[in-house]
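Data block below; observations after.
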């Protein structure tokens, strides 16, 4: 079997993988969408009938187009939730189709399948920008490789668009784009030829233009002004040096280590095979670049994300390792495999994808008890005519598995799927919650959403999807018979 990732079996595997992901996104739409950031974004879109663009991440528009249309067509809330869940899959599938069929860059298309090997917990954090980038950057890389047969103006206009698409989804995209640039920089074909000290140096033109575009967008981004949230991605020298001194104690490193055996053995093996191939062929600079960049990315990620985060979402920090290692493996090592090795690789890829989808089911199982608790509480509250509930932190930990900040919005999005009149909101009390402030919990015109922005107005709810009666809050308490509601 000759090396050819354009064969029907690889294309079929791509279609099947995306189809399975789509079906799971439909079946587990509530588990995907009713989770902190994604619940907040969809809730905002419904009530403002627009799109929420945070921190200059304009590429978020793509994944909001389908739910935006569903909202304007006044589709039932359950369908709106499903459209939001599948929109991320459809955008990824579109990137794969464009790369595999439009650009005919099958290495990059197969690279997108590598990303699915790390989708387990990230599947529930559907809004994860790291995961979206794993489709955008391979598509950008594919276009960098496809410079023949396209008019220069069209080629560089599309290149500028693809760099913008990747950059304006997440600040960490700089790491991914720089790797793609570095990997292509000294490739021949559409290249500049320079003479330095009587030595010919070949620099790939698309890679250089991509680097210039990236620099331009970074300058533009800082002129616009990064948010306080995004400024956290640039550590100070003091915090950087302290993090290096206590590297193994960082919560992010602990998270990486705890997930290593079940998730990161695969990229480690691929990296080892690729570096061994470089050494055997004496491609020392390539070995240094790929190996060094992989290590630098791991260290940088651990320093930037210095918390362990939740079990559900923490693996998204290191998903790019599959991109960095996978790109080098597919481009430089897999073509060296003989026939039986390539067949073994194809079978192994299928097995790993199946295991990855099984991991999704595992993580869904971890989140479902929380959904069941929300379902039970909201049904009982609706039956008793109480639509605003407050639960203390200690009681919330007993009633709702997983400590996640979006409970108030998650409960509204879940309960209102039975009809807007069934809307119930459950706010988890924070340490700084002041019960003497009657304007918060006794005011029939408002409800409480998140601890950093507590007072939200009932009049601003989209009445097609949510309604709250004129009443104050009651406290949610666990009871031997289930739950009970007490006066504050």
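What the table shows:
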{"quantity": "Degrees separating the helix 37-48 axis from the principal Cα axis of the chain, which is the longest one", "calculated": "70 degrees"}
{"quantity": "The chain - percent relative contact order, Cα under 8 Å, separation 6 or more", "calculated": "18 percent"}
{"quantity": "Label corresponding to mean projected area of the Cα convex hull in nm² when calculated from the structure given, among (i) 29.0; (ii) 26.2; (iii) 23.9", "calculated": "(ii)"}
{"quantity": "Protection-proxy order for peptides 333-343, 382-392, 161-171, each taking the mean of Cβ atoms within 10 Å per residue, highest first", "calculated": "161-171, 382-392, 333-343"}
{"quantity": "Angle in degrees between helix 265-280 and the longest Cα principal axis of the chain, rounded to the nearest 10", "calculated": "10 degrees"}
{"quantity": "Order by protection proxy (mean Cβ within 10 Å, highest first), peptides 17-27, 316-326", "calculated": "316-326, 17-27"}
{"quantity": "Cα-based radius of gyration of region 121-225 once divided by 2.2 N^0.38 Å, which approximates compact folds", "calculated": "1.18"}
{"quantity": "Spread of Cα-to-Cα distances over 5 Å intervals beginning at zero, given as percent, for region 368-486", "calculated": "2, 12, 24, 27, 21, 11, 2, 0"}
{"quantity": "Within region 368-486, percent of DSSP bridges classed antiparallel, to nearest 5", "calculated": "60 percent"}
{"quantity": "Most to least packed among 86-96, 133-143 [average Cβ atoms within 10 Å]", "calculated": "133-143, 86-96"}
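Since every read-out is calculated from the coordinates, none of them should be taken as a lab result. Worth saying up front: this structure is predicted, and the values here are computed from it rather than measured. Positions of Cβ are generated from backbone atoms using ideal geometry, with glycine treated the same way; all protein chains shown enter the neighbour counts.
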